[in-house]
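The values are calculated or read from the model by the stated rules, or taken from the named source; none is laboratory data. Owing to the predicted nature of the structure, the values given are computational and were not obtained by experimental measurement. Here the Cβ positions follow ideal geometry from the backbone for every residue, glycine too, while neighbour counts run over all protein chains shown. Each accessible area value is taken on the protein alone, full model and side chains, heavy atoms only, with ligands, DNA and RNA left out. Shrake-Rupley method; radii C 1.70, N 1.55, O 1.52, S 1.80 Å.
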Amino acid sequence: MDFDIIVIGSASMDVFVKTEARIVHIQGISHGQWVDEQLLAYPLGSKLLIEQLALAPGGAGTNVCATFARLGFKTAFIGKIGADVHGRMLLDWLDDNAITFLGERGGQTGYSLILASQASDRTILSFKGCNNELGSIDPDATGLQARWLYGTSMLERSFQTQERLFVLARRQGIRTVYNPNPYLCCKGVAHLRTMLRHTDVLMLNTEEAGLLVGGGGEPPELAARLADQGPGIVTVSDGARGVTVYAGDDWGGECWHVEPAADLKLVDTTGAGDAFGSGFIAGLHLGKTLREAALMGVLNAEDVIQAYGPKGEPVSRESMEARLLAEQDAPRHEVIRL
(Lines give C-alpha, C1' and ligand atoms only; values in the text may rest on other atoms or scores of the structure.)
Protein backbone atom coordinates (compact mmCIF):
# COMPACT_ATOMS: atom_id res chain seq x y z
CA MET A 1 0.00 0.00 0.00
CA ASP A 2 1.46 3.37 -1.03
CA PHE A 3 1.35 6.36 1.31
CA ASP A 4 2.18 10.01 0.95
CA ILE A 5 3.79 10.03 4.40
CA ILE A 6 4.65 7.42 7.02
CA VAL A 7 5.32 8.75 10.52
CA ILE A 8 7.39 6.78 13.02
CA GLY A 9 7.20 8.20 16.51
CA SER A 10 5.53 8.32 19.89
CA ALA A 11 1.86 8.09 20.80
CA SER A 12 0.37 8.88 24.19
CA MET A 13 -2.72 10.04 25.94
CA ASP A 14 -2.34 13.64 27.08
CA VAL A 15 -4.16 15.13 30.04
CA PHE A 16 -4.20 18.93 30.11
CA VAL A 17 -4.67 20.45 33.55
CA LYS A 18 -5.10 24.14 34.20
CA THR A 19 -5.12 25.17 37.83
CA GLU A 20 -3.80 27.88 40.10
CA ALA A 21 -0.01 27.74 40.33
CA ARG A 22 2.69 30.19 41.30
CA ILE A 23 5.62 30.93 39.02
CA VAL A 24 8.81 31.03 41.05
CA HIS A 25 12.11 32.41 39.72
CA ILE A 26 15.20 30.78 41.22
CA GLN A 27 18.92 31.31 40.88
CA GLY A 28 21.72 29.30 42.43
CA ILE A 29 24.00 26.28 42.17
CA SER A 30 22.48 22.86 41.47
CA HIS A 31 24.67 19.78 40.98
CA GLY A 32 27.65 22.03 40.41
CA GLN A 33 25.91 24.08 37.71
CA TRP A 34 24.52 27.61 37.85
CA VAL A 35 20.76 27.61 37.29
CA ASP A 36 18.53 30.55 36.43
CA GLU A 37 15.03 29.35 35.69
CA GLN A 38 11.33 29.67 36.38
CA LEU A 39 9.38 26.92 38.14
CA LEU A 40 5.72 26.12 38.60
CA ALA A 41 5.00 25.89 42.34
CA TYR A 42 2.07 24.27 44.17
CA PRO A 43 1.52 24.61 47.95
CA LEU A 44 2.66 21.44 49.72
CA GLY A 45 -0.15 19.47 51.34
CA SER A 46 -2.89 21.48 49.64
CA LYS A 47 -5.86 20.41 47.53
CA LEU A 48 -6.31 22.57 44.43
CA LEU A 49 -9.34 22.88 42.19
CA ILE A 50 -8.80 22.19 38.48
CA GLU A 51 -10.08 25.07 36.34
CA GLN A 52 -9.85 23.24 33.01
CA LEU A 53 -9.31 19.58 32.13
CA ALA A 54 -8.94 17.96 28.72
CA LEU A 55 -7.96 14.50 27.49
CA ALA A 56 -6.60 14.09 23.97
CA PRO A 57 -4.36 11.86 21.84
CA GLY A 58 -0.80 13.14 22.04
CA GLY A 59 2.81 12.30 21.40
CA ALA A 60 4.85 13.85 18.60
CA GLY A 61 3.98 11.01 16.24
CA THR A 62 0.23 11.56 16.39
CA ASN A 63 0.69 15.35 16.39
CA VAL A 64 2.36 15.39 12.98
CA CYS A 65 0.00 12.71 11.66
CA ALA A 66 -2.90 15.05 12.44
CA THR A 67 -1.60 17.77 10.10
CA PHE A 68 -1.00 15.39 7.22
CA ALA A 69 -4.38 13.69 7.57
CA ARG A 70 -6.25 17.02 7.74
CA LEU A 71 -4.54 18.16 4.54
CA GLY A 72 -5.79 15.04 2.78
CA PHE A 73 -2.51 13.10 2.60
CA LYS A 74 -2.55 9.30 2.70
CA THR A 75 -0.91 8.87 6.10
CA ALA A 76 0.36 5.91 8.15
CA PHE A 77 1.75 5.68 11.67
CA ILE A 78 4.45 3.35 13.02
CA GLY A 79 4.81 3.20 16.78
CA LYS A 80 3.94 1.04 19.77
CA ILE A 81 0.55 1.44 21.42
CA GLY A 82 -0.37 -0.29 24.66
CA ALA A 83 -2.88 -3.10 25.04
CA ASP A 84 -5.03 -1.04 27.41
CA VAL A 85 -7.97 1.34 27.36
CA HIS A 86 -5.82 4.32 26.38
CA GLY A 87 -4.33 2.28 23.55
CA ARG A 88 -7.82 1.54 22.31
CA MET A 89 -8.64 5.26 22.38
CA LEU A 90 -5.53 6.04 20.32
CA LEU A 91 -6.40 3.38 17.75
CA ASP A 92 -9.93 4.77 17.49
CA TRP A 93 -8.49 8.27 16.91
CA LEU A 94 -6.18 6.99 14.16
CA ASP A 95 -9.11 5.22 12.51
CA ASP A 96 -11.38 8.27 12.80
CA ASN A 97 -8.73 10.34 10.99
CA ALA A 98 -8.08 7.74 8.26
CA ILE A 99 -4.52 7.13 9.50
CA THR A 100 -3.31 3.57 8.91
CA PHE A 101 -1.66 1.90 11.91
CA LEU A 102 1.45 -0.10 10.96
CA GLY A 103 2.96 -0.49 14.43
CA GLU A 104 2.84 -2.89 17.36
CA ARG A 105 0.55 -3.45 20.35
CA GLY A 106 1.54 -4.39 23.86
CA GLY A 107 2.51 -3.03 27.24
CA GLN A 108 1.25 0.22 28.74
CA THR A 109 0.40 3.22 26.60
CA GLY A 110 2.45 6.37 27.05
CA TYR A 111 0.87 9.08 29.17
CA SER A 112 1.58 12.78 29.68
CA LEU A 113 0.29 15.24 32.24
CA ILE A 114 0.52 18.82 30.95
CA LEU A 115 0.41 21.43 33.70
CA ALA A 116 -0.54 24.83 32.32
CA SER A 117 0.60 28.03 33.98
CA GLN A 118 -0.84 31.52 34.07
CA ALA A 119 1.92 32.60 31.67
CA SER A 120 0.60 30.49 28.77
CA ASP A 121 3.49 28.07 29.11
CA ARG A 122 3.49 24.56 30.52
CA THR A 123 5.38 21.82 32.31
CA ILE A 124 4.97 18.26 31.06
CA LEU A 125 5.21 15.08 33.15
CA SER A 126 5.82 12.32 30.61
CA PHE A 127 5.54 8.54 31.03
CA LYS A 128 7.00 6.84 27.94
CA GLY A 129 5.43 3.45 28.59
CA CYS A 130 5.72 1.17 25.59
CA ASN A 131 6.92 3.98 23.29
CA ASN A 132 10.52 2.85 23.89
CA GLU A 133 9.76 -0.80 23.07
CA LEU A 134 9.10 -0.76 19.32
CA GLY A 135 10.83 -3.88 17.98
CA SER A 136 11.76 -5.04 14.53
CA ILE A 137 9.25 -3.84 11.96
CA ASP A 138 9.06 -5.95 8.81
CA PRO A 139 8.90 -3.51 5.86
CA ASP A 140 7.07 -6.12 3.77
CA ALA A 141 4.41 -6.41 6.46
CA THR A 142 4.14 -2.70 7.20
CA GLY A 143 4.24 -1.61 3.57
CA LEU A 144 7.13 0.87 3.71
CA GLN A 145 6.08 2.49 0.45
CA ALA A 146 5.82 6.25 0.70
CA ARG A 147 7.09 9.58 -0.58
CA TRP A 148 8.24 10.62 2.92
CA LEU A 149 9.28 8.95 6.18
CA TYR A 150 8.93 11.37 9.12
CA GLY A 151 10.69 10.41 12.38
CA THR A 152 10.07 12.02 15.75
CA SER A 153 12.17 11.30 18.86
CA MET A 154 12.35 7.68 19.91
CA LEU A 155 14.57 6.12 22.56
CA GLU A 156 16.15 2.78 23.44
CA ARG A 157 14.89 -0.17 21.35
CA SER A 158 12.59 2.10 19.36
CA PHE A 159 15.54 4.32 18.36
CA GLN A 160 17.34 1.29 16.92
CA THR A 161 14.25 0.33 14.94
CA GLN A 162 13.96 3.88 13.66
CA GLU A 163 17.59 3.82 12.50
CA ARG A 164 17.00 0.66 10.46
CA LEU A 165 13.91 2.10 8.80
CA PHE A 166 15.71 5.35 7.89
CA VAL A 167 18.55 3.42 6.24
CA LEU A 168 16.05 1.32 4.32
CA ALA A 169 13.98 4.37 3.32
CA ARG A 170 16.97 6.15 1.79
CA ARG A 171 17.90 3.01 -0.15
CA GLN A 172 14.38 2.97 -1.59
CA GLY A 173 14.47 6.66 -2.53
CA ILE A 174 12.05 7.75 0.20
CA ARG A 175 12.72 11.24 1.54
CA THR A 176 13.32 11.35 5.28
CA VAL A 177 12.63 13.87 8.05
CA TYR A 178 14.03 13.75 11.58
CA ASN A 179 13.14 15.75 14.69
CA PRO A 180 15.21 14.62 17.72
CA ASN A 181 14.56 15.88 21.24
CA PRO A 182 17.06 17.53 23.65
CA TYR A 183 17.86 14.20 25.35
CA LEU A 184 19.10 12.73 22.06
CA CYS A 185 20.84 15.93 21.01
CA CYS A 186 22.81 15.90 24.28
CA LYS A 187 24.43 12.68 23.11
CA GLY A 188 26.04 14.56 20.25
CA VAL A 189 26.60 14.06 16.56
CA ALA A 190 28.44 10.75 16.99
CA HIS A 191 25.40 9.08 18.59
CA LEU A 192 23.07 10.33 15.85
CA ARG A 193 25.50 9.84 12.96
CA THR A 194 23.47 7.12 11.22
CA MET A 195 20.26 9.12 11.48
CA LEU A 196 21.89 12.34 10.27
CA ARG A 197 23.51 10.66 7.27
CA HIS A 198 20.14 9.22 6.24
CA THR A 199 18.08 12.38 6.86
CA ASP A 200 16.98 14.78 4.14
CA VAL A 201 15.32 17.33 6.44
CA LEU A 202 16.49 17.91 10.04
CA MET A 203 14.27 19.93 12.38
CA LEU A 204 15.40 21.40 15.70
CA ASN A 205 15.00 24.37 17.99
CA THR A 206 17.96 26.53 19.03
CA GLU A 207 18.51 24.63 22.27
CA GLU A 208 18.58 21.27 20.49
CA ALA A 209 20.81 22.55 17.69
CA GLY A 210 23.30 23.97 20.18
CA LEU A 211 23.37 20.73 22.16
CA LEU A 212 23.92 18.68 19.04
CA VAL A 213 26.84 20.70 17.66
CA GLY A 214 28.30 21.22 21.13
CA GLY A 215 28.16 25.01 21.16
CA GLY A 216 26.02 28.08 20.67
CA GLY A 217 25.47 30.39 17.75
CA GLU A 218 22.79 32.08 15.71
CA PRO A 219 20.28 29.85 13.89
CA PRO A 220 21.80 30.30 10.37
CA GLU A 221 25.24 29.30 11.67
CA LEU A 222 23.87 26.31 13.59
CA ALA A 223 21.88 25.17 10.57
CA ALA A 224 24.88 25.37 8.24
CA ARG A 225 27.02 23.35 10.66
CA LEU A 226 24.37 20.66 10.95
CA ALA A 227 23.90 20.51 7.18
CA ASP A 228 27.55 19.42 6.99
CA GLN A 229 26.54 16.24 8.82
CA GLY A 230 24.30 15.05 5.98
CA PRO A 231 20.84 16.69 5.94
CA GLY A 232 20.01 18.72 2.83
CA ILE A 233 17.64 21.02 4.72
CA VAL A 234 17.92 22.14 8.37
CA THR A 235 15.29 24.19 10.19
CA VAL A 236 16.07 25.92 13.50
CA SER A 237 13.16 27.47 15.41
CA ASP A 238 13.73 30.13 18.04
CA GLY A 239 10.39 30.67 19.79
CA ALA A 240 8.96 34.15 19.37
CA ARG A 241 11.95 35.10 17.18
CA GLY A 242 10.70 32.83 14.41
CA VAL A 243 12.32 30.06 12.40
CA THR A 244 15.30 29.82 10.05
CA VAL A 245 15.26 27.38 7.13
CA TYR A 246 18.60 26.51 5.54
CA ALA A 247 18.88 24.49 2.31
CA GLY A 248 22.05 23.07 0.80
CA ASP A 249 22.93 23.19 -2.89
CA ASP A 250 20.87 20.08 -3.72
CA TRP A 251 17.76 21.92 -2.45
CA GLY A 252 18.45 25.29 -4.03
CA GLY A 253 21.06 26.75 -1.67
CA GLU A 254 18.62 29.16 0.02
CA CYS A 255 18.22 30.42 3.58
CA TRP A 256 14.99 32.05 4.82
CA HIS A 257 13.85 33.45 8.14
CA VAL A 258 10.15 33.75 9.00
CA GLU A 259 8.96 35.82 11.95
CA PRO A 260 5.55 35.07 13.49
CA ALA A 261 2.64 37.49 13.22
CA ALA A 262 2.64 40.23 15.85
CA ASP A 263 -1.04 39.94 16.81
CA LEU A 264 -1.10 36.35 18.05
CA LYS A 265 -3.04 35.38 21.16
CA LEU A 266 -0.87 32.77 22.86
CA VAL A 267 -2.91 30.09 24.64
CA ASP A 268 -0.78 26.92 24.80
CA THR A 269 2.63 26.17 23.22
CA THR A 270 2.27 22.37 23.42
CA GLY A 271 2.86 20.81 19.99
CA ALA A 272 4.08 24.00 18.30
CA GLY A 273 7.28 22.39 17.03
CA ASP A 274 5.40 19.39 15.66
CA ALA A 275 2.95 21.72 13.93
CA PHE A 276 5.71 23.71 12.25
CA GLY A 277 7.54 20.57 11.13
CA SER A 278 4.49 18.86 9.68
CA GLY A 279 3.28 22.06 8.03
CA PHE A 280 6.70 22.64 6.46
CA ILE A 281 6.93 19.08 5.09
CA ALA A 282 3.35 19.31 3.84
CA GLY A 283 4.40 22.38 1.86
CA LEU A 284 7.37 20.59 0.30
CA HIS A 285 5.16 17.60 -0.50
CA LEU A 286 2.72 19.91 -2.30
CA GLY A 287 5.55 21.33 -4.40
CA LYS A 288 5.78 24.69 -2.64
CA THR A 289 8.97 26.75 -2.73
CA LEU A 290 11.21 26.69 0.32
CA ARG A 291 9.88 30.14 1.31
CA GLU A 292 6.24 29.05 0.94
CA ALA A 293 6.81 25.82 2.84
CA ALA A 294 8.48 27.70 5.72
CA LEU A 295 5.54 30.11 5.90
CA MET A 296 3.10 27.19 5.77
CA GLY A 297 4.85 25.63 8.76
CA VAL A 298 4.65 28.88 10.72
CA LEU A 299 0.95 29.31 9.93
CA ASN A 300 0.28 25.76 11.10
CA ALA A 301 2.18 26.36 14.34
CA GLU A 302 0.25 29.57 14.97
CA ASP A 303 -3.01 27.64 14.74
CA VAL A 304 -1.81 25.29 17.47
CA ILE A 305 -0.49 27.87 19.95
CA GLN A 306 -3.76 29.81 19.79
CA ALA A 307 -5.78 26.80 20.96
CA TYR A 308 -5.70 24.48 23.96
CA GLY A 309 -3.96 21.19 23.15
CA PRO A 310 -1.21 20.00 20.79
CA LYS A 311 -3.20 19.76 17.55
CA GLY A 312 -5.25 22.94 17.30
CA GLU A 313 -8.35 23.29 15.18
CA PRO A 314 -8.65 21.33 11.91
CA VAL A 315 -7.29 23.24 8.90
CA SER A 316 -8.14 22.05 5.38
CA ARG A 317 -5.80 22.21 2.42
CA GLU A 318 -8.06 24.78 0.79
CA SER A 319 -7.93 27.01 3.87
CA MET A 320 -4.14 26.78 4.03
CA GLU A 321 -3.81 27.63 0.33
CA ALA A 322 -6.06 30.67 0.83
CA ARG A 323 -3.94 31.91 3.73
CA LEU A 324 -0.75 31.57 1.70
CA LEU A 325 -2.32 33.66 -1.05
CA ALA A 326 -3.44 36.26 1.50
CA GLU A 327 0.19 36.61 2.65
CA GLN A 328 1.08 37.88 -0.82
CA ASP A 329 -1.56 40.63 -0.78
CA ALA A 330 -1.54 41.64 2.89
CA PRO A 331 1.39 39.94 4.64
CA ARG A 332 1.23 39.52 8.42
CA HIS A 333 4.64 37.85 8.63
CA GLU A 334 8.11 39.13 7.86
CA VAL A 335 9.87 36.67 5.54
CA ILE A 336 13.55 37.47 4.99
CA ARG A 337 16.02 35.83 2.64
CA LEU A 338 19.34 35.61 4.46
log₁₀ of I(q)/I(0) at q = 0.13 Å⁻¹ - region 1-81, Debye sum with one point per alpha carbon: -0.71
Rounding to the nearest 20 debye, state how big the charge dipole of the chain is about its Cα centre with +1 on each Lys and Arg Cβ and -1 on each Asp and Glu Cβ. 640
Loop-only chymotrypsin sites (Phe, Trp or Tyr not before Pro) in region 1-60, please: DSSP not H, G, I, E or B, and at most 13 other Cβ atoms within 10 Å. none
Here the averaged projected area of the chain, based on the convex hull of its alpha-carbon atoms and given in nm², is 17.7
If R₀ is 22 angstrom, what is the calculated FRET efficiency for the pair residue 124 and residue 261, using the beta carbon separation as r and rounding to 0.05? 0.30
In whole Å, largest first, the alpha carbons of region 66-217 cover along the principal axes 47, 43, 31
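At 222 nm, what value in deg cm²/dmol follows for the chain if DSSP H runs of at least 4 each add -39500 (n - 2.57) and the sum is divided by all its residues, to the nearest 500?
After summing the helix terms and dividing by residue count, I get -10000 deg cm²/dmol.
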Which value, in debye to the nearest 20, describes the size of the charge dipole of region 120-201 about its Cα centre when Lys and Arg Cβ atoms bear +1, Asp and Glu Cβ atoms bear -1, and nothing else is charged? 260
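Give me D for region 136-209 in µm² s⁻¹, whole number, from Stokes-Einstein with Rh from the Kirkwood sum over alpha-carbon pairs, 20 °C and 1.002 mPa s.
Working: Rh = 12.6 Å.
Value of D from the Cα-based Kirkwood radius: 170 µm²/s.
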Eligible lysines near residue 80 by straight Cα distance, threshold 29 Å, same-chain separation 8 or greater: 18, 128, 187, 311
In Å², rounded to a whole number, the accessible area per residue of region 1-110 with probe 1.4 Å is 51
Label-point separation in nm, residue 108 to residue 52, each point 7 Å along Cα→Cβ: 2.9
Give the peptides 40-49, 319-328 in descending order of average Cβ contacts within 10 Å, highest first. 319-328, 40-49
The chain - share of DSSP beta bridges that are antiparallel (%, nearest 5): 50
